[in-house]
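The values are calculated or read from the model by the stated rules, or taken from the named source; none is laboratory data. None of these values were measured; they are calculated from a predicted model. Don't worry about glycine lacking a Cβ; one is built from the backbone with ideal geometry, like all the others, and counts go over all protein chains shown. What goes into the accessible areas is simple: the full protein's heavy atoms, side chains included, and nothing from ligands, DNA or RNA. Shrake-Rupley method; radii C 1.70, N 1.55, O 1.52, S 1.80 Å.
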Amino acid sequence: LTSNGQGSKNPETACKPYMNNIHFLNFLSFAINRKEICEARGSTPTQEYFSDNYLIDPENGISYNDTAAHKAVLADRYNETYGFNETYAKSELIKAMDEVIVPLANKGAFSSKSGGSGAGTSNNPYLVPIDMEWMNTTDKTEYADVFTYITKIFAEVSSEEYNGSYLLALSQTGGDAN
């Protein structure tokens, strides 16, 4: 992503505009198959932000997750699949593409796979970058399946709705928790 269409010209501190778009964020959320990811690791899936140990009323042992307010937040978030819904993820991505990604591409904000002429075609798609900075050095390989459906759904929407003109470019950095 270049400085076109960005608030900051410093790529180290610039927030990608689509990462501030509710539809793009919904796409990311609904494209994560928490059940598959957790069960592959012997864990219990959830889409809760806080564990049940986070007590909103510690004197009475009431967890935030048990409150009406929390239940209302998750009411339309596909609880039966822990938030995973490919159809809705595609719908949200199309909205994000139309609202922010396509306009950014039209401003020249994205580089393309091969550079040069023909940018924004199926042979030379625009690269839509997402940077993932893992906390631990092993996380990059141990949790790569987090992006399985994100990349799959993005590719399908790009192909079906935008003639393959866009490619999700994941950049994963293995962190260092020390």
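Residues in segment 140-170 that are open to solvent by 50 Å² or more (accessible area, probe 1.4 Å) and part of a strand (DSSP E or B): 167, 170.
Taken over segment 67-84, the criterion of being open to solvent by 40 Å² or more (accessible area, probe 1.4 Å) and in contact (Cβ under 8 Å) with a residue 12 or more places away in the chain is satisfied by 77, 78, 79, 81, 82. Residue count for segment 125-171, restricted to those that are touching a Gly at 6+ places or on another chain (Cβ under 6 Å) and aromatic (Phe, Trp, Tyr): 2.
The residues listed here are 105, 96; of these, the one that is in a helix (DSSP H, G or I), in contact with a strand residue (DSSP E or B) (Cβ under 6 Å, 6 or more places away or on another chain) and surrounded by 14 or more Cβ atoms within 10 Å (Cβ to Cβ) is 105.
Looking at segment 45-59, which of its residues are among the acidic types (Asp, Glu) and either open to solvent by 50 Å² or more (accessible area, probe 1.4 Å) or under 17 Å from the mean Cα position of the chain (by Cα) (or both)? Can you show your working first?
Keep residues of segment 45-59 that are among the acidic types (Asp, Glu), which gives 48, 52, 57, 59.
Those that are among the acidic types (Asp, Glu) and either open to solvent by 50 Å² or more (accessible area, probe 1.4 Å) or under 17 Å from the mean Cα position of the chain (by Cα) (or both): 48, 52, 59.
Residues of segment 109-137 being surrounded by 13 or more Cβ atoms within 10 Å (Cβ to Cβ) and at positive phi, which ones? Matches in segment 109-137: 118, 120. With the condition kept exactly as written, say whether any residue in segment 31-42 is surrounded by 14 or more Cβ atoms within 10 Å (Cβ to Cβ), of a type in the set (Gly, Ala, Ser) and not in a loop (DSSP other than H, G, I, E, B). No, segment 31-42 has no match at all. What do you reckon, is residue 122 small (Gly, Ala, Ser), touching a Gly at 6+ places or on another chain (Cβ under 9 Å) and farther than 20 Å from residue 34 by Cα? Yes; evaluated as a whole, the condition is true for this residue.
Applying a threshold of 6 Å to beta carbon distances and a minimum spacing of six or more residues, or different chains, the list of pairs starting in segment 85-109 at a residue that is closer than 19 Å to residue 148 by Cα and ending at one that is buried (at least 19 other Cβ atoms within 10 Å of the Cβ) and among the charged types (D, E, K, R) is empty. Can residue 62 be described as open to solvent by 80 Å² or more (accessible area, probe 1.4 Å) and modelled with pLDDT of 85 or more? Spelling it out, it is not the case that residue 62 is open to solvent by 80 Å² or more (accessible area, probe 1.4 Å) and modelled with pLDDT of 85 or more.
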